[in-house]
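Throughout, read-outs are computed from the coordinates displayed, never taken from laboratory work. Please read all numbers here as calculations on a predicted model, not as lab measurements. Neighbour counts are summed over all protein chains in view; Cβ atoms, including those assigned to glycine, are modelled from backbone coordinates with ideal geometry.
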Amino acid sequence: MSGIPDTRYPNRVREYAVIPRVDFRPLATDHSFIHLPQESFSVPDHWNSGIAFAELSDVGMRRANNQDSMVCLPAKTEDRFSTRGHLFVVADGMGAHAAGELASRIATEQIAMHYFRTGQSNSLEALRHSVSEANSEIHNRGQSNPEFHNMGTTASSLAIIPEGAVIAHVGDSRVYRLRDGIFEQLTFDHSLVWEMEASGHIDTSIWGKSIPKNVITRSLGPNAVVDIDLEGPFPVQPGDAFLLCSDGLTGLVDDNEIGALVDCLPEDLATRVLVDLANLRGGSDNTTVIVVRAKSSNQVNANKSTNENRRTPNRSQFLPFLIGATVVCAAITVIALLFQSWIAIMAAILTLICGIDTAFICLRNRASEVDEPVVASGKGPYRRYDATPTADLYKRLGATVQALKDAASKNNWMMEWKKVDNYQAHGTAALNDNNAKGAIRCQAQAIIETMNQLREQNNRAANETAIER
């Protein structure tokens with residue numbers, strides 16, 4: 001297995017373009033992080049989405065196919081943001097005969113489709129509805145084909161709307177938020193380990209290693225009905241970063257490492273480094289990562305009500321007038337009928353029109369009172385981690401690079417370490433200058449270059465094997 005990213009998922013990025021091999025210009029003397037200028041994702045000049053994001057999915061080092069799926073649908077207009085916001089979804093499929101791959105793909109497609117098509121005015125309810133519909137589609141597909149029986153998938157969906165960030169979640173994929181150096185897990189893992197810890201029946205600090213971590217207790221597909229966790233809305237501030245990922249990342253990279261790398265790097269490089277780090281540590285599973293960062297305070301929320309009020313006057317203010325007009329018209333109709341006047345017909349028509357309009361406004365007001373916001377069932381954030389870049393973190397990341405150097409030396413691999421050594425030398429200098437963030441950035445460059453070297457070594461080995469055959 002070469003470890004080259006699955007061709008089904010080219011390294012898609014918005015605002016930054018990730019490429020399979022990442023090269024860097026020489027580092028500046030102040031140890032700043034400099035990468036090649038890359039293609040930007042443009043949006044209409046009149047609309048500022050307020051976010052930047054990057055996405056990357058990789059098959060890993062040991063799997064033959066990628067059972068992860070993802071979707072990123074930023075709002076392209078102010079109206080779309082006002083009604084549905086930006087949508088991001090990660091799904092991790094399970095099942096033999098490509099069933100997991102199918103299940104995760106159905107999940108991301110169905111969630112996106114139903115979320116934007118549903119008539120639900122409440123975004124959190126719309127998200128819940130879309131995940132429920134995805135579960136039904138996966139379950140029905142599994143029941144209709146024996147090869148796909150009991151196929152399932154996790155699904156973690158994040159919508160950034162004017163009110164904040166809302167989440168619908170099933171399984172052990174995760175959604176995090178980074179703010180001011182604190183990395184928070186906003187979702188609850190539906191896994192055996194987490195469920196047993198939450199029940200209080202076992203001390204996972206003692207017995208945690210004996211409990212299999214890959215056993216999940218809830219997923220889309222196996223059952224006709226699924227319990228969906230709803231979280232939020234969480235307030236969104238400028239500088240906040242959200243990360244969605246499959247367990248291919250969290251199984252191999254610690255939470256504080258993830259948080260620190262997201263904090264120190266731009267979105268495209270953060271996704272690239274996180275995936276490469278998981279692969280350098282074994283890459284035992286598919287890895288999917290989405291990083292979303294709030295770039296500026298979004299004025300849409302403040303302008304939304306103003307624009308709506310300007311475009312659509314409140315018809316409820318005419319209700320007393322309509323009621324009075326209805327009563328007057330009804331009285332005129334009765335009097336005209338007593339005198340058998342033709343005015344009765346006109347008065348009756350006016351009475352009918354006023355009555356219908358009055359009834360419509362009353363029913364609409366009643367419906368708006370009933371349509372209360374859906375209450376989130378979750379209690380996130382569930383865990384918090386310190387994402388401050390430190391010298392210890394720098395050394396831990398460096399240990400991963402050193403492990404591959406040792407393996408290359410032992411197996412006589414033809415690998416070039418000049419760039420890696422240069423990046424790490426700059427990182428050490430930055431650390432000596434008490435610039436931990438700059439040091440982490442340099443170490444990230446070393447990790448990317450190390451993975452580039454490993455890919456080239458795997459390609460050479462694969463070509464040699466093909467020639468021998």
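Kindly flag which residue pairs out of LYS395/LYS419; LYS410/LYS437; LYS213/LYS395; LYS76/LYS295; LYS76/LYS379 have an alpha-carbon separation exceeding 23 Å in this structure. Listed pairs above 23 Å: LYS410/LYS437; LYS213/LYS395; LYS76/LYS379. Annotation: peptides 224-236, 244-256, 185-197, 260-272, ranked by per-residue average of other Cβ atoms within 10 Å with the highest first, follow the order 260-272, 244-256, 185-197, 224-236. The H on the amide N of ASP229, modeled in the peptide plane, is under 5 Å from the matching H of HIS169, each at least 5 residues off or on a different chain. Protection proxy ranking for 122-128, 66-72, 89-95, using the average of other Cβ atoms within 10 Å per residue and placing the highest first: 89-95, 66-72, 122-128.
Shape class of the range 39-187 from the Cα gyration tensor (axes a ≥ b ≥ c, square roots of the eigenvalues): prolate, since a/c reaches 1.5 or more and a/b is larger than b/c. Listed values for the range 423-436 are Karplus-derived 3J(HN,Hα) couplings in whole Hz (6.51 cos²θ - 1.76 cosθ + 1.60, θ = phi - 60°), namely 4, 5, 5, 5, x, 5, 5, 5, 5, 5, 8, 6, 10, 5, and x replaces Gly and Pro.
Once you list every other residue whose beta carbon is under 12 Å from the beta carbon of ALA241, what net charge do they have if Lys and Arg are +1 and Asp and Glu are -1?
Values: positive: ARG177, ARG179, ARG293, LYS295; negative: ASP180, GLU184, ASP240, ASP263, GLU267.
Net of charged neighbours comes to -1.
Tell me which trypsin sites (Lys or Arg not before Pro) from the range 373-438 have a DSSP coil assignment and no more than 13 other beta carbons within 10 Å of their own. Display every interim value, and only then the final one.
Numbers: sites: LYS379, ARG383, ARG384, LYS395, ARG396, LYS405, LYS410, LYS418, LYS419, LYS437; in loops: LYS379.
Loop-located and lightly packed - LYS379.
Using only the Cα atoms of the range 163-288, build the gyration tensor, take square roots of its eigenvalues as a ≥ b ≥ c, and label the shape rounded, prolate or oblate: rounded if a/c is under 1.5, else prolate if a/b is larger than b/c, else oblate. In terms of gyration-tensor shape, oblate.
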